[in-house]
Structures are given as structure tokens and as C-alpha cells.
Amino acid sequence: MEPSRDGSAGRAEGIGALLTRFPTPSSGSLKLSLPAQDAFDFGSLEKDDSFLYHALSPETRPRTSGQPTTRHEARLSQRRPSNASSHVSGRSIYPPPSKPLPPLPPAKASQRVSSQDSLSSLETRHFSQSSRATSAPDSSFVRSPVQIKHPSYPLPEIPSEIKRAKSPITVICLASFQSEKKKKNAIHFLDLSATSSILASKHGKNIIKIWSVWDNAVQSTLKFSAYTEAQSRSREYLIRSHAILSEASGLIAIATRFGRSIDIWRWTDKQCLQSIDYADRWAACQFESYETGRGTLAVYHGENSTIDVYTVGQVKKPFSKMRTIDLRRADLPFTLQYPELALSATSPMLVAAAGPRQTRAGHPPPEEEILLVAWEIRDNGENSSLPYKVARPWKHKELDTALPCELATYGSFVVSIWIPASYRAVPMTNAQGTESFHLSPSAVPFRWVLVWDLVSNSTRTFKIPNTASCISPDCRLVAYCEANRNNMGGRGCLAILDVITGKEIWCWPDRDAIAVDSGPKAGFEQFESLDRVTQLAFSADGKFLVLGDSDGQSCMYKIV
């Protein structure tokens, strides 16, 4: 059609052709959400047409304002100046072109060429600066103001063996300590010095070996009197084997005889310097200076319910009694019986944790007998038994029959591990019609980690499998070694948890790893037989983890 001088024919041609037409993205027709039929005059637009027109006449499109309504429209209006009258530009967001529109090219002659090679081109506009349309030589480029939305296809599901969770920490094998293979040589207790350069391991019933971590050599072997069969600590065996007292002085405390005596040894010359009797429970704190002025050894005596606190001095006997805490005068809800003890390395504080009395047949179970107590133990001449803080976590029903087997304190946190009883008192009515209680076996699949915040005086718990476990001395981490995961005959797992969140931060084998990544690794041969692991221990700063097994071997792993 030949354009007229006033441009009306050109506009009519543009209105009739609706500027341009685009192929549908799929074989079906593209449905558009448009205003009511009486609002616009669609002209010759047919629903059955294989092409849909994506522009409306500026004469029929309503407008409420003379300004573009979107940023895209404003950019288009600036890009293409119009010579139309103000009446037309005020009614349409797409001003008419300044010259007649060229004829439409044949559909089969045009093709789409994109300058983008990545999949991101699917997200670009249909006519963008990075793409151009090519056709026959007699055709020309037509720019459309309409934005085409390409169909969004769902991304394929990522297989679980590929989508793995990244662990926030990594465990690296650092050293291995090989002991001679012989009967009853299993490791039952481990302890590291403050600098992690000395390792003390108990082998069998009455042997403790002092290892140098840096050269994997035995510095000293101590043999002592022991009349009980050695075991790892549990609910039935709560004897603490030994504790390194001073790396510089070469001092170590060892539980001897029936486990109720403490001998202070100097491993450099294998001499026993001091003995403390009737030590039913005890705890020690490492020191490197004789001018500490605070308690470094605490001993509980069950006969008179007292706790003696010792300090170190430069005398013939390294420890002297500093004060005595009488639990019967501590103004507690009940008198603690055989509590677990811990001394803080950051402040002069002693913490005790005790569970309920043992349930007896025919008697009701004890109620609300879980107690956590903290004392200040400064060497200032005071001898008061009144505690500094007391917590009664009786709301934690999971601890009703539990006893503490591990206790640590650092800063303002106290972390303990509790093991429930393997039986429960069940009420029953006898023939006389009176109520009595009998003991019924109860499965114990879990241990419970109890976290006590001294600042807010609040407590919370989370569970771990009922297996060998330990707490880092800085109260940040908890580790456990499960020999048989889910009792299904598997090889078990070794896991490290964050105390603050109670969440697992590392596990071997990785629960989300594929079989190739869970295979044998150099330096981790001990992980291939976790059923032989008998003991775990963290270093003072929580950066090293030591595992001991039933063959007498121990390995140190660095946590990074």
C-alpha cells in the first residue's frame, strides 16, 4: 500500500498487521490474558491463526496518562521518537513509527541466530541487543516493543549421590601409636596434656604408657596395683583411670587398687609422690605453675559426703588440702550422692552433677533428683559450703533415671553426658490390693547431652547413641563412636557434634557420600573397624581427637 501524505494509510497498515507476528513457543496456541472484548477492536485477529499478533492499535488502546507506565516502556519511547500528534501519543504507550512499515518477510525465509552460546540466552528478551534476525536480502529488521516470555521448564532432579552436604570441618590423620600385640592390651582411657604433646593411655588392668606425640615414642611405662578388671567408663563402671596434671613437672594422677585411691606419680623417674585414699569420685585440672592459688584436684568422699579441694605447692607432697565442701551443709534440696566432678580451666570453679538414687524393687522411683551445682573455690581463707549456682533440670523427663558419666566446664558452660537406667520401676497391684513396684527391663538406645548455661541458668538436652563418647574440654564438641549403626550389621560411624546447636558437623562415613568416597583411605585404617574402638578423647583446645582400640593402638586426628 502506498503511504499517504498525512500518514493515515501507514497507520492503518500498521494497525492491520499489528506491527509483527511471532511463532508460538509450542505446538499449541498461546493464550493471552487481555481485557474485555468490548474494550478493544481486534479487527481481523483470528483465534485459529497459527500466528498471534502481539500489538494493538494506538487508536484503540486506552491510556490514563501521557507518561510510560513501566521502565521498559520509557526506554522504548526514548529510543524511538515519534512525529505523531500529541493526541495519539497521549493515548498509546507505543508511539507509531516515523516512517511507513516495511512489508513482512515470508515466515519460511526468516531464521533466528543468537550471539549467545550459553543457556542464559533463554532468559533474554525476544529482541535484544545480543541477538539479530536474518532473512532474505530484501527484508529488513523490525523491532517490536512486546516482551516475549519463554516457557520455563523445570530443572532435572539432582541425584542424591551427587548432591552432598559439605561438612564444616575436616579430620586429618596426624599420628599413630603402635603398641605390642598381646592379650588384654585394650585401651580403656586416654588423656592429652594441655599442649597436646603428651598422650597417656591405659592398657589392660594396670599399665599406663606416656607417649610423645611428635616422635610417636613411649617416654615412660608405669605399672601400678589394681584389683579390679579395667573397663571403659559407663553407668556400671565410673572409675576415672588417670589424668595428666603437669607436662612440665611430669606429674600424673592414677586411680589404683580398687579404684578408690589416687596415686600421684612423676613419670620421668617413675616415682609415686603422694597417695589419697577413699576417693570415690575425683577430678583434676592441669597446671604449669605452682603459684596458681586455686584448686587443681577435687576428691569426693562418700562416707561423709564431702569434697576436698587440693592446691599444688612446692613441697615434698605436691598437693595440699585447700578447703572442704560439706554437701550436707550446702543448703541443697537433697544431699548429692557420688556426683561427677569437674574443675574449670578458665576460673576457680568446681562443678558437680548427680542423678537419682538407685531404684529398688518394691519402692517407688525417686523423683526430681537431678542436680547441677557450682562452687567458687578461691584460695582466700573462706570455707563456706554454699554453692555459687544451682540448677534442677527436672523438666527433662529423659533424665529421670539417668546418671552422669562425663562432665566438663569451660567459661560459662557446663556440658555433661547422661546414661539412663536399663530398667524402670513399674507400678503393680498385688494380691492384697496394695500398690507395689517391680523392676522392668528398659531399652537404652540413647545417651543425653545436657548443656547448662551459667549466665542464664538454663538447661537443654540433645541425644546421641548409647555408645563410647566424650566431651571436648573447651565444651564446644561432643564425639561418639557407634560400632554398629542401627543394629543392622553395618560398620558403624564416628561423628562429631556441635554443642551449641546439637547438630552433627562431621561424620565418617559421610551419610551423603557415594560408595567410592566411603572406601578405605590412607591413614584411616582404624575407621574400617570401628567395632574395636574402645575410647575417645579430645585435646584441651578441641583441635585433636584421639581414638583407642581393643588392639592397644591409638591414633590422633587433627580437626580443621
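Taken together, the values in this text are just the output of simple stated rules run on the coordinates, not laboratory data. No experiment lies behind these values; they were computed from the predicted model shown. Backbone-built Cβ (ideal geometry, glycine too); neighbour counts: all protein chains shown.
Structure above, values below:
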{"quantity": "Between the stretch 331-390 and the stretch 176-229, the alpha-carbon center distance in angstrom", "calculated": "31"}
{"quantity": "Additional length obtainable on full extension of the chain from A431 to S320, 0.36 nm per residue less Cα span", "calculated": "34.0 nm"}
{"quantity": "Paramagnetic reach from S261 (point 7 Å along Cα→Cβ, amide N under 18 Å) across the stretch 310-338", "calculated": "317-319"}
{"quantity": "5 angstrom amide H check on E406, placed H, neighbours 5+ away", "calculated": "I417"}
{"quantity": "Over the stretch 171-559: Kirkwood hydrodynamic radius from C-alpha pairwise inverse distances, Å", "calculated": "21.9"}
{"quantity": "Using alpha carbons only: equivalent-ellipsoid semi-axes of the stretch 420-477, gyration tensor based, whole Å", "calculated": "36, 16, 7"}
{"quantity": "For the stretch 426-443, 3J(HN,Hα) per residue [Karplus equation, 6.51 cos²θ - 1.76 cosθ + 1.60, θ = phi - 60°, Hz, x = Gly/Pro]", "calculated": "10, x, 8, 9, 7, 5, 7, x, 9, 7, 9, 10, 10, 8, 10, x, 9, 5"}
{"quantity": "Residues listed by number, the stretch 171-213, amide nitrogen under 12 Å from F524 label point at 7 Å toward C-beta", "calculated": "171-173"}
{"quantity": "Label-to-label distance, nm, for residues given as N380 and T195 (7 Å Cα→Cβ offset)", "calculated": "3.3"}
{"quantity": "Rh by Kirkwood over Cα pairs, then Stokes-Einstein D for the stretch 277-397 at 0.692 mPa s and 37 °C, µm²/s", "calculated": "215"}
{"quantity": "Residue-count net charge about E369 - beta-carbon cut-off 10 Å; Lys, Arg +1, Asp, Glu -1", "calculated": "-1"}
{"quantity": "Karplus-derived 3J(HN,Hα), 6.51/-1.76/1.60, for each residue of the stretch 232-237, Hz, glycine and proline x", "calculated": "6, 4, 7, 5, 8, 9"}
{"quantity": "Simple spin-label estimate for N484 and N304 in nanometres, 7 Å along Cα-Cβ", "calculated": "4.8"}
